[in-house]
Amino acid sequence: MTDLDAVLGNAGPTGLKERIAAELAAVRERSLAYTDADDDMLVRQHSPLMSPLVWDLAHVGNYEELWVLREVGGIEPLRPEIDHLYDAFKHPRKDRPSLPLLGPAEARKYISGVRGRVLDVLDQVDLAAPDPLRSGGYVFGLVLQHEHQHDETMLATLQLSRRPGLVRDGELPPGRPAAEPEVHIPAGVFTMGTDTVAWAYDNERPAHRIYLPGYWIDRRPVTNAAYLEFVEDGGYRDPRWWLPQGWEWAERNGVEAPLYWTRDGDTWWRVRFGREEPVPPDEPVQHVSWYEADAYARWAGKRLPTEAEWEKACGGRTYPWGEADPGHLGRWANLGHRAARPSPAGAFPDGASPYGVEQLIGDVWEWTDSWFQPYPGYRCFPYEEYSKVFFGETYRVLRGGSWATHPSAVRTTFRNWDYPIRRQIFAGFRCARSEE
Ligand code: AVJ
Ligand code: FE
């Protein structure tokens, strides 16, 4: 059996169990790598925006306990007294360091105890059962993706800590000049969302047909060099480009460049995982808020794409390049923390969509113009606090995953969301414009 068979659902129940076990092992290895630091590093709060790393670590185990052990396995709570500590809705991030959290050693012991029992449940469970949590291994997909999401959050925390030497870096393919900077997407109907991706979240469902007028979309994400033109042109000092709330936010916080950037004479530097380096011109810009992305687009005479426009540009497949799992193959996209940064523009020609739009998946999360709202026919599953409580006109949608996103936790239908002022996430953007 090939990886492709597994992805297409051609793996028998045993193949699927093997794949789940392998993915569970891989994600745990990742979580443990990001928390392989001294206790002070793990219990300290590096930013009021983030939890202490030791909170994320125990939280992923607690989530796994709730969903796999209690819901599916029918197993009694292992440590009911700690549940409230790891319920993200009970204590805001800024309060988490003062809670009586499990210490690093205790947290590791707790999550490994949970994991041992999870593997027993996996061994026993019928993945062909009609129950939607069991069917196709959904509950395991849920906890796997959740842990990878928290791993990406941990990377954002490590970046905020500005401490060197904690995060692995690596090599990426070189960039390439683009033939045409924009791609035209003709008017027409496309299918947004999915009914068939086995581990898709409730917010990606149901698939629905949408008509879009013709539009232009940037072939690649906006680079640091392009963004610098906006900065040097006084973009941060001209309210014409900004929504009023964005202007106010930038003024109040003294924002005049992406997070982690500083100017020294004519040179711009950035801090990346505790090390200073010149801002590389060809890389997609990251650590910008939605307000900055929106202002840049207006300055450039364009706008941010809607999430429908972003998804249509992917060409109707699970990944822009087709159905094949991105794996760790590195041919199609910069995902899964191969290197601790986005790849230069044009680095992944084979990952282009059928329309020729590049780097849609990986590199940087891309801000879209859309609020995080339910699709028509949305049905909450399996719980309200993943998506439903966030719907409304509060959060903007991000698409496509970043260099820090694991391949199993992203696809063309995947929807992420955050406040429009947030910049610690690995987010950039591309622009679009309507036909004249
Ligand atoms: C999907 C990234 C917005 O990490 O805040 C994590 C997902 N839900 N734990 C987040 C989530 C529960 C969420 N995002
Ligand atoms: Fe969580």
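One decimal place: the segment residue 386-residue 83 gains 107.4 nm when fully extended, by the rule 0.36 nm per residue minus the C-alpha distance. Segment 356-390 and segment 212-284 have Cα centres spaced 24 Å apart. Of the GluC sites (Glu not before Pro) in segment 251-305, the ones in a loop by DSSP (not H, G, I, E or B) with at most 16 other beta carbons within 10 Å are 256. Using heavy atoms of the protein chains and a probe of 1.4 Å, the accessible area assigned to residue 289 is about 0 Å².
Straight-line cross-link reach from residue 302 at under 28 Å between alpha-carbon atoms covers these lysines, not counting any fewer than eight positions away in the same chain: 312.
If the segment from residue 32 to residue 393 were pulled out straight at 0.36 nm per residue, it would be longer than the present Cα-Cα gap by 126.4 nm. Taking all protein chains as shown and a probe of 1.4 angstrom, residue 192 keeps an accessible surface of around 10 Å². Take the Cβ atoms of residue 196 and residue 267, set R0 to 51 Å, and the FRET efficiency comes out at 0.55. Taking 247, 365 and ordering them by how much accessible surface each has at a 1.4 Å probe, largest first, produces 247, 365. Local charge for residue 259 was computed over the other residues whose Cβ lies under 10 Å away, with Lys and Arg +1 and Asp and Glu -1, and equals +2. Spatially, segment 410-428 and segment 28-105 are offset by 22 Å when compared through their Cα centroids. For residue 171, the accessible surface of its heavy atoms amounts to roughly 150 Å² (probe 1.4 Å, protein chains only, rounded to the nearest 10).
Just the protein heavy atoms count here, and of the accessible area of segment 250-377 at 1.4 Å, carbon and sulfur take up 46 percent. With contacts taken as Cα pairs under 8 Å and at least 6 residues apart, the chain reaches a relative contact order of 18 percent. Per residue, the accessible area of the chain comes to 42 Å² when a 1.4 Å probe rolls over the protein heavy atoms.
Mind checking segment 23-103 for trypsin sites (Lys or Arg not before Pro) that DSSP puts in a loop (not H, G, I, E or B) and that have at most 15 other Cβ atoms within 10 Å?
Passing sites in segment 23-103 are 44, 90.
Suppose only helical runs count, i.e. DSSP H with n ≥ 4. What mean residue ellipticity at 222 nm does that imply for the chain under -39500 (n - 2.57) per run, divided by all residues and rounded to the nearest 500 deg cm²/dmol? Before the final figure, lay out the partial values.
Numbers: 10 runs with 124 residues, N = 436.
Computed mean residue ellipticity for the chain: -9000 deg cm²/dmol.
Between residue 435 and residue 245, the C-beta separation translates, for a Förster distance of 22 Å, into a calculated FRET efficiency of about 0.15. Neighbours of residue 414, meaning other residues whose beta-carbon lies under 9 angstrom from its beta-carbon, give a summed charge of +2 when Lys and Arg score +1 and Asp and Glu score -1. The charge dipole of segment 258-317, taken about the Cα centre with unit charges on the Cβ atoms of Lys, Arg (+1) and Asp, Glu (-1), comes to about 160 debye, rounded to the nearest 20.
The values are calculated or read from the model by the stated rules, or taken from the named source; none is laboratory data. Since the model is a prediction, treat every value here as computed from it, not as a measurement. Positions of Cβ are backbone-derived with ideal geometry, glycine not excepted, and every protein chain shown enters the neighbour counts. Please note that ligands, DNA and RNA were not included when accessible areas were found on the heavy atoms of the full protein model with its side chains. Shrake-Rupley method; radii C 1.70, N 1.55, O 1.52, S 1.80 Å.
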